[in-house]
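Notes follow once the structure below has been shown.
The values are calculated or read from the model by the stated rules, or taken from the named source; none is laboratory data. Just so you know, these numbers come straight off a predicted model, no measurement behind them. All Cβ positions, glycine included, derive from the backbone under ideal geometry; neighbour counts span all protein chains shown. The accessibility values were calculated without ligands, DNA or RNA, using every heavy atom of the protein model including side chains. Shrake-Rupley method; radii C 1.70, N 1.55, O 1.52, S 1.80 Å.
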Amino acid sequence: MTAVEETEGRNGALPPWVGRLGRLLVTLVITLVGLLFVTFLIGRVVPIDPVLAAVGDRASESTYHKVYLELGLDKPLWEQFLIYVNNVLHGNLGESVLTNRPVLDDIADTFPATLELSTFAILIGTCVGVPLGVWAAVRQGRLVDQIVRVLGLVGYSAPIFWLGLTGLLVFYARLGWVAGPGRIDIAYQYDVERITGMMLVDTLLQGQWDAFWNALSHILLPGTLLGYYSLAYISRMTRSFMLAELGQEYIITARVKGVRESRIIWRHALRNAAVPLVTVIALSYGNLLQGAVLTETVFAWPGLGMYLTNSLGSADMNAVLGATLVIGAVFVALNLLSDVLYTVLDPRVRRRG
Amino acid sequence: MSVMSREWLLTEQPASRRQAHVGQAYRTWLALRGNRLAMVGLGIIVVLILMAVLAPLIAPYDPIQGGDLRTERLLPPSWQHLMGTDDLARDIWSRVAYGSRITLMVVALVAVIATPVGLLVGTISGYFGGVVDTVLMRITDIFLAFPQLVLALAFVAALGPGIENAIIAISITSWPPYARLARAETLTIRNADHIAAIKLQGASSLRIIWGHVVPLCLSSVVIRVTLDMAGIILTAAGLGFLGLGAQPPQPEWGAMIAEGRQFIIDNWWVSTMPGIAIFVVSLGFNFLGDGLRDVMDPKARK
């Protein structure tokens, strides 16, 4: 029994889920420190001299030495790590060599674009994936089931950057159905004031309908592709959760009582499948971040992923590590969120703790 | 040899451990053979291996040395050049054929590096429990806390681009799920009677883990690795596409897509052909993995 559980048992007054959340928080802190340690280590094994990166290779011996001391490179490794953690906690991720700005500012600028893209994608993945999964489960073993299965496997197998390029070629260059790379046409770019940093939201808030439709046309292709990627996973999990529910006795009871089949499927079974499904959706939201890195690069989408790959191209380690850390932290936060949602939504877990 | 007959394989009373093992494998194979998608996947993988072995025979041109730059640049697919040529007048089919060697090498090396690491961490963690378990599993969790591609990107950024470093980076990021799985298996084996018997005979922990726990975890971990192979191929291709994997002029499929990117509007075949190759191969691994999961997991078979 852990210490948390013991104190909880003695007080007895706290509801059990408080203990569960407490343990989650401890895990969260340990994981975040681990994330910091990994990025710190990666930063230390780089063959690039951090001092040269800061002062340039024409600096004098004394400048070099001064910066060497300023960066704390003479101190033992653990002390350097503490300095690093301290800096990160104060929001100091270093300066980007490429943009000459603090990395944190760059990330704050690019993050909303990634958030917009992946939110669009997860909406598509959920709104299409869940019904498809339900349909496949109801028609288990039939043609629909096979089609959904192959559709999912194709989604797992196609390299997303290649799908993106091919999509651009067909739907933008040949057919002209959607707008090309980027988030919005240059003509609108300077009219839209930055409020949330998300184009679709900002244009709507300002009532600029032309700009809104233009932005929508830009996000349609990358968002749908990324959505397809999560659809593959969501529909598959929906199918297996639904199959598990449809085999339960309460379904037979409902059928015997003469409840309509559509009501059994959508109200009885799906409702029970929804709890694990929510965690799956939260997890694939996190996984979208990694698909977003490649998608953004292909579509010149100015988000965190493109920032990361651009920095990689110019060996801008502060930016690379900062972006990696932020993506890792968001990923951890989403995993935690899925755990919390599971606790909150499932009455059995809530009571047992 | 009559020993390998169908009856011998399918007998209900195996006379030896080996017969039971072989018979079990044969039953799995029979179940797998009935799964059409899995057989398609297996066929694709066999073709990939043949392609890699026979690359010098089936590739009509040199994959690196191009043809005449004045007349043979960016030719569309034809009988002379099945998949067309790229901007350096190289035959794309020849490059795709040789590229299968790189893809196979990446998959094989990652499996060879990541599987033992995962097995070792998982079995040690599960067998000893306590502090060892907590520390090792925390480390595993931290690696699992990054999206795989992003962590691999950061590692390659630190190590420098190149196919070897890409393989190392992918391996570093792939072992944690195997460790998790091996640990879970070990926890169920740890208290078995035969382990207690070996312990009473005075076997060292290392001997027990290596000789008696690892072999029992091996099959489920190997299946998991097979399931992950498509993902490994896609990650390697993604790194190649970003210019961090195999370096030009190596015919790596992901890098080939990146090279064809600037010509995509007028010369679609340059990046489409290697893309189809990646797609078909990872589809093959996914089909096979999907079938294997159905056959191995009685819950899914229902």
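Data for the structure
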{"read-out": "Order of exposure, largest accessible area first, which applies to A:Thr224, A:Thr279 with probe 1.4 Å", "value": "A:Thr224, A:Thr279"}
{"read-out": "Region B:64-143: chymotrypsin sites (Phe, Trp or Tyr not before Pro) in DSSP coil with no more than 16 other Cβ atoms inside 10 Å", "value": "B:Trp79"}
{"read-out": "Average beta carbon contacts from partner chains per residue of A:145-151, 10 Å cutoff", "value": "1"}
{"read-out": "Farthest toward positive dipole pole in region A:140-231 [+1 Lys/Arg, -1 Asp/Glu at C-beta], among A:Val170, A:Pro181, A:Ile147", "value": "A:Ile147"}
{"read-out": "Using alpha-carbon coordinates, inclination of helix B:214-241 to the longest axis of chain B, degrees", "value": "20 degrees"}
{"read-out": "Computed label-point distance, nm, for sites B:Leu206 and B:Leu54 using a 7 Å Cα→Cβ extension", "value": "4.7 nm"}
{"read-out": "Cα centre as origin, Lys/Arg/Asp/Glu Cβ charges: the protein assembly as shown dipole, Debye", "value": "3080 debye"}
{"read-out": "Debye log10 I(q)/I(0) for region B:84-300, one point scatterer per Cα, at q = 0.09, 0.13, 0.18 Å⁻¹", "value": "-0.44, -0.79, -1.20"}
{"read-out": "Angle between chain B longest axis and helix B:148-159 axis [Cα atoms, degrees, rounded to 10]", "value": "70 degrees"}
{"read-out": "A:Leu69-A:Leu205 pseudo-label distance in nm [points 7 Å out on the Cα-to-Cβ vector]", "value": "4.8 nm"}
{"read-out": "Axial C-alpha extent at least 30 Å, average Kyte-Doolittle at least 0.5 - helices from chain A (DSSP)", "value": "A:16-45, A:103-138, A:209-246, A:270-299, A:317-345"}
{"read-out": "Estimated distance in nm for a label pair at A:Thr196 and B:Val22, the labels positioned 7 Å out from Cα along Cα-to-Cβ", "value": "6.6 nm"}
{"read-out": "Charge dipole of region A:104-352 about the Cα centre (unit charges at C-beta), most positive-ward option of A:Leu325, A:Phe241, A:Cys127", "value": "A:Phe241"}
{"read-out": "Computed P(r) (all Cα pairs; region A:22-89; 10 Å bins; percent)", "value": "18, 42, 26, 10, 4, 0"}
{"read-out": "Helix-only CD estimate at 222 nm, as mean residue ellipticity for chain A, using -39500 (n - 2.57) per DSSP H run (n ≥ 4)", "value": "-24500 deg cm²/dmol"}
{"read-out": "J(HN,Hα) series, region B:196-207, from Karplus relation 6.51 cos²θ - 1.76 cosθ + 1.60, nearest Hz, glycine and proline x", "value": "4, 4, 5, 4, 5, 6, x, 6, 6, 4, 4, 5"}
{"read-out": "Solvent-accessible ranking of A:Lys66, B:Lys199, A:Lys75, largest area first, probe 1.4 Å", "value": "A:Lys66, B:Lys199, A:Lys75"}
{"read-out": "Helix-only CD estimate at 222 nm, as mean residue ellipticity for chain B, using -39500 (n - 2.57) per DSSP H run (n ≥ 4)", "value": "-23500 deg cm²/dmol"}
{"read-out": "Rule-of-thumb Rg ratio for the protein assembly as shown [Cα; 2.2 N^0.38 Å; N residues]", "value": "1.04"}
{"read-out": "Rg followed by Dmax, in Å, when chain A is reduced to its Cα trace", "value": "24.7, 87"}
